[in-house]
Amino acid sequence: MHVDGILSCRSKGIPDKGKLLTKISLFWFEKLIHIIPNHFVTADIDEMPDEIRQYKDLLAGRAMLVRKAQVIPLEAIVRGYLTGTYTVIDDFRGNHPVTKIRMLQVLFATTK
């Protein structure tokens with residue numbers, strides 16, 4: 001399942017979900033720029049057009065300016081396992097909301 005699909009399933013929502021997804025995108029755009037050019041221009045609202053800057057308080061950390069680009073159809077499948085006291089089913093049932101636990105501690109047990 002797509003990460004955004006998992007995060008959007010929560011009925012209460014994920015606080016700062018847009019900021020999290022933007023940070024993930026920025027990480028990969030910056031990490032891979034030496035391998036393949038991308039459409040990213042800036043995430044700094046002050047460097048965006050006036051029409052965008054007027055909404056700075058609303059968009060800061062959750063918006064990117066990009067160039068129009070041709071889509072390259074690419075799909076990546078990432079598999080991992082959650083162990084310990086946390087499971088996705090528990091999260092959906094509301095037993096262990098993801099926002100109240102430290103995911104890194106939960107996922108650490110499955111690293112190699």
Scope the range 21-49; condition at pLDDT below 90 and among the hydrophobic types (A, V, I, L, M, F, W, C); matching residues | 36
Name the pairs: first residue in the range 32-52 and farther than 18 Å from residue 19 by Cβ, second residue surrounded by fewer than 11 Cβ atoms within 10 Å (Cβ to Cβ) and not charged (D, E, K, R), Cβ to Cβ under 6 Å, at least 6 apart or on different chains?
-> 39/69
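The values are calculated or read from the model by the stated rules, or taken from the named source; none is laboratory data. Keep in mind it's a predicted model, so treat the numbers as computed, not measured. For neighbour counting, all protein chains shown are included, and Cβ atoms are generated from backbone atoms with ideal geometry for every residue, glycine included.
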